Amino acid sequence: MMKVGWIGTGVMGAPMAGHLQAAGHELSVFSRTKEKAEHLISKGAHWCESAAEVATRSEIVFTIVSLPSDVEEVYLGEEGILSAEGPCRIVVDMTTSRPTLAQTIAKKASRGGMDSLDAPVSGGDIGARNASLAIMAGGDKKAFETVLPLFQLMGQNISYMGGPGAGQHTKMSNQILIAGTMIGVCESLLYAERAGLDQQSVIDIIGKGAASCWAINNLGPRIVRGDFDPGFFVEHFIKDIGIALQEAAAVGLSLPGLALVQQLYLAVKAQGHGRSGTQALMLALRTLNGGNCR
């Protein structure tokens, strides 16, 4: 059993940390909102007052926060992980963030005698709860092999992608694909709705054919029910799309489909649904077609 630190106990982080705790690892936690960590604390996790304190109590520290600016604060701030002295030897950022930031953290961690992994995930709240996430890791290969048994408590599809930043680049590929898929899912169901079809019956048949994908089978039924609660926040997806477009522009790559979906998601946020799930893209498309948000 290991002394494990966890920073960020939101929709994704809380169940992920819970899997490590349930396996018997000693857990120390920190989050901006302590209430979101209460379930873990009630089961024996030690509450810390800062990211630095987590690092002083842990051999391996995991983070999954909201924005790249949060990642910078958690790692590089005055009370950040890399400011602490203690037993911490590996840090693992599972936030979707900038590849260049992952590389910066890796360099600064190395100067302090620590290894760093950037290991963003895919699978949403369902994958986090079911320990079925896809985990794509970049950084030191030996550190990855050390952390792999812990990754296996959280995910089922785990891959080492290369050096620092490689995990984040892989996640950008993932987000680009999801963006294109989500507009297809929403337009498909919007068409079915307008044609007078039972949308769930449409999902049941097309979700088993060539159009089958995770989004239609998992988020499609939520759209049909009018359930736009977050598995992954719209505002966080907008952040991810922005990173992908910036990275693409840096290498002279044009991604017109992604740019279109970004504008639609910005419209969803403008309609007051920034904290809704990514399936709320349907709301923007309904509005474009003369329907009301619901």
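Each reported figure results from applying straightforward, stated rules to the coordinates on display, with no laboratory input. All values derive from a computational prediction rather than experimental measurement. Using ideal geometry, Cβ is built from the backbone for each residue, glycine included, and neighbour counts are taken over all protein chains shown.
Things worth noting here:
- Choice from A22, A51, A250 with maximal GNM fluctuation in the chain (Cα, 10 Å cutoff): A250
- Ascending count of other beta-carbon atoms within 10 Å, so fewest first, for S28, S69: S69, S28
- Distance from the stretch 35-58 to the stretch 86-155 (C-alpha centre basis), Å: 19
- Rough spin-label spacing in nm, given labels placed 7 Å along Cα→Cβ, for K141 and Q246: 3.1
- Going from the residue with the fewest nearby Cβ atoms within 10 Å to the one with the most, F62, F233 rank F233, F62.
- Considering only A52, A195, A270, the Gaussian network model of the chain with Cα springs below 10 Å gives its largest mean-square fluctuation to A195.
- Among the listed pairs K3/K108; K142/K239; K36/K171, a Cα-Cα separation exceeding 28 Å is found for K142/K239.
- Two-decimal Rg/Rh across the chain, once Rg and the Kirkwood Rh are taken from alpha-carbon atoms: 1.00
- Each residue, A267 and S110, gets one label point 7 Å from its Cα in the Cβ direction; the gap between the two is 4.6 nm.
- For the stretch 3-164, average projected area of the Cα convex hull in nm²: 7.8
- With neighbours defined as other Cβ atoms within 10 Å of a residue's Cβ, the residues T9, T278 order from fewest to most as T278, T9.
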